[in-house]
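Enquirer: One structure coming up, written as structure tokens, with questions to follow.
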Amino acid sequence: MGPLRSVVLAGGGTGGHIYPLLAFADALRRHFPQIRITTLGSPKGMENQLIPAAGYDLRSIPAFQLPRSLNLDLLRTPDRMYRSAHAAGEIIDEVQAEVVVGFGGYVSVPAYLAAWRRELPIVIHEVNVPPGVANRMGMKFTKRVAVGFPHQLEQAEALRNARLVGVPLRTGITHMDRPALRPQALYHFGLRPDLPVLFVSGGSSGARTINLAVAAAAKRLAHAGIQVLHVQGGRNDPFEVPNDLPVPYVVVPYLSDMQLGYAAADLMLCRGGAITVAETTALGLPAIYVPYPFSNQEQRRNALPVVEAGGGLLVDNSELTPDWIERNIVPLARDRQRLAQMGTAAAGYGRRDGDEQLLRFVLEAVS
Ligand SMILES: CC(=O)N[C@H]1[C@@H](OP(=O)(O)OP(=O)(O)OC[C@H]2O[C@@H](n3ccc(=O)[nH]c3=O)[C@H](O)[C@@H]2O)O[C@H](CO)[C@@H](O)[C@@H]1O
């Protein structure tokens with residue numbers, strides 16, 4: 001087979017759909033420097049900031065909302081779906097795409113539909129259990145489905161025959177030498193090299209419960225000698241942190257260079273978004289996972305295998321209080337040996353080649 005010449009990548013909404021798309025786009029570009037990469041997004045999603053910033057061509061197609069549950073009638077009828085699929089089809093034709101690769105989010109559906117009508121190969125990448133509603137619709141049009149994690153094959157009937165490829169992650173993360181980058185990262189955030197760092201992130205949109213609980217525990221953490229690097233997250237209200245703490249507590253709105261945060265961290269406190277789990281484990285970073293409680297348990301499912309392997313802890317959203325943080329995080333953050341063991345266990349679960357594996361799968365689809 002010759003080199004790939006033109007590919008359409010569809011995915012949008014939050015970071016969880018967009019960062020794997022970008023990491024895969026980077027892999028395409030590495031292997032096929034002349035390739036034309038066109039991404040499809042919706043007018044309002046985070047793709048509008050993240051994709052142009054990464055230097056890729058983003059085309060917006062008219063938005064429409066899918067219900068949370070699957071209803072195939074949607075595909076036959078509405079006007080808005082037709083308009084979106086028509087717009088996706090025009091772009092596919094214009095760039096003469098050879099394959100459409102979708103990562104989920106509402107905007108993927110019109111891309112799948114348009115590709116199917118043109119008999120183009122479609123590849124779906126899915127990271128959750130249950131699979132997202134857009135990708136479940138896409139699965140009506142293709143059997144080429146790739147997943148990020150082993151538990152997905154066992155826990156979702158629709159994914160039983162999927163190919164396990166892992167999650168495409170940014171090479172800034174997968175190729176990072178954490179100890180080597182650490183001094184620069186600490187300096188960048190104004191953190192001290194002699195005290196442990198708790199890195200707090202509620203995923204791409206942020207997490208209110210986590211933000212408020214950790215901020216409320218700021219004094220106790222600081223007096224125990226634990227520094228905090230706290231990412232507020234794109235869609236969250238600011239919170240108050242006392243300004244007379246004896247050690248640094250650094251709040252940043254959002255990190256475009258997430259690898260710097262990972263490099264500074266000794267321990268992570270985060271939600272269980274699939275990409276976050278893929279990143280912490282790829283890096284061998286011990287983490288305390290606080291799954292988002294309102295999404296079909298998908299985040300609990302993501303985090304559980306890591307926790308069972310010894311690479312992290314799991315706490316219910318409702319149990320994450322300043323007292324819990326003091327009782328559990330303070331002793332753990334100060335126990336270098338336990339952190340090292342947890343890090344090794346996390347790394348045993350993690351993988352770094354999701355971008356290359358997905359590329360292999362896509363090449364099979366077009367050959
Ligand atoms: C509430 C909800 O439904 N969340 C879903 C959403 O999470 P969400 O969109 O938060 O995605 P993930 O937690 O999976 O990934 C977050 C991504 O954002 C990056 N990042 C985050 C903060 C920051 O400041 N800078 C930065 O670059 C992380 O490095 C990571 O690459 O999509 C995931 C993947 O489909 C799902 O598993 C989650 O359940």
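Enquirer: Rounded, prolate or oblate: which fits segment 175-349, taking a ≥ b ≥ c as square roots of the Cα gyration tensor eigenvalues, rounded meaning a/c under 1.5, else prolate when a/b beats b/c?
Expert: Details: a/c = 1.32, a/b = 1.10, b/c = 1.20.
In terms of gyration-tensor shape, rounded.
Enquirer: Follow-up question, since we're still on this one. Starting with the highest mean, order 107-113, 134-140 by the number of other Cβ atoms within 10 Å, averaged over the residues of each peptide. Kindly include the intermediate steps, with their values, before the conclusion.
Expert: On the way: 107-113: 28.1, 134-140: 22.6.
Ranked by mean Cβ neighbours within 10 Å, highest first: 107-113, 134-140.
Enquirer: How would you classify segment 191-276 from its alpha-carbon gyration tensor, with a ≥ b ≥ c the square roots of the eigenvalues: rounded for a/c under 1.5, else prolate if a/b is greater than b/c, otherwise oblate? Show your work: numbers first, answer last.
Expert: Numbers: a/c = 1.84, a/b = 1.28, b/c = 1.43.
In terms of gyration-tensor shape, oblate.
Enquirer: Also: How large is the charge dipole for segment 175-349, taken about the Cα centre, if only the Cβ atoms of Lys, Arg (+1) and Asp, Glu (-1) carry charge, to the nearest 20 debye? It would help to have the intermediate numbers written out before the result.
Expert: Numbers: 14 positive and 15 negative charges, 26 e Å.
For this selection, approximately 120 debye.
Enquirer: Of all accessible surface on segment 175-349 at a 1.4 Å probe, what whole percent is carbon and sulfur?
Expert: Details: 3680 of 7430 Å².
Carbon with sulfur: 49 percent of the solvent-accessible area.
Enquirer: Give me the aspartates and glutamates in straight-line cross-link reach of Lys143: C-alpha distance below 15 Å, same-chain residues under 8 apart excluded.
Expert: Here the aspartates and glutamates satisfying the reach criterion relative to Lys143 are Glu119, Glu126, Glu157, Glu364.
Enquirer: May I pose another question? Please state the charge dipole magnitude for segment 1-154, taken about the Cα centre, from unit charges on C-beta atoms (+1 on K and R, -1 on D and E), reported in debye and rounded to the nearest 20.
Expert: Values: 16 positive and 12 negative charges, 27 e Å.
I would put it at about 140 debye.
Enquirer: So, one more: Among all the aspartates and glutamates, which ones have a C-alpha under 14 Å from Lys219's C-alpha, if same-chain residues fewer than 8 places away are not counted?
Expert: Correct list for Lys219: Glu240, Asp244, Asp323, Glu326.
Enquirer: Would you mind putting 15-22, 342-349, 253-260 in packing order, based on average other-beta-carbon counts within 10 Å, highest first?
Expert: On the way: 15-22: 26.8, 342-349: 20.1, 253-260: 16.4.
The densest-packed peptide leads the list: 15-22, 342-349, 253-260.
Enquirer: So, one more: Let me check I've understood the local charge: for Arg144, count other residues with C-beta under 10 angstrom from its C-beta, Lys and Arg +1, Asp and Glu -1. What total comes out? Intermediate results must be reported in sequence, preceding the final value.
Expert: Numbers: positive: Lys143, Arg163; negative: Glu364.
Net charge in that neighbourhood comes out at +1.
Enquirer: Could you please report the charge total around Glu154, scoring K, R as +1 and D, E as -1 over all other residues with beta-carbon less than 12 angstrom from its beta-carbon? Could the numbers behind the result be given before it?
Expert: Working: positive: Arg160, Arg301; negative: Glu157.
Charge balance near Glu154 sits at +1.
Enquirer: For Ala216 and Asn48 in one chain, what is 0.36 nm times their gap in residues minus the Cα-Cα distance, to one decimal in nm? Please report the intermediate quantities before stating the final value.
Expert: Details: separation 168, 0.36 × 168 = 60.48 nm, distance 3.33 nm.
Extra length available between Ala216 and Asn48 comes to 57.2 nm.
Enquirer: Per residue of the chain, what 222 nm ellipticity follows from adding -39500 (n - 2.57) for every DSSP H run with n ≥ 4, rounded to the nearest 500?
Expert: Values: 17 runs with 157 residues, N = 367.
Result for the chain, helices only: -12000 deg cm²/dmol.
Enquirer: Counting every Cα pair in the chain, what percent are over 33 Å apart? All intermediate terms of the calculation are to be shown ahead of the outcome.
Expert: Numbers: 19794 of 67161 pairs.
Percentage above 33 Å: 29.
The values are calculated or read from the model by the stated rules, or taken from the named source; none is laboratory data. This structure is a prediction, so every number in the text was calculated from the model and none was measured. Don't worry about glycine lacking a Cβ; one is built from the backbone with ideal geometry, like all the others, and counts go over all protein chains shown. Note: accessible area is taken over every heavy atom of the protein model, side chains too, but ligands, DNA and RNA are not part of it. Shrake-Rupley method; radii C 1.70, N 1.55, O 1.52, S 1.80 Å.
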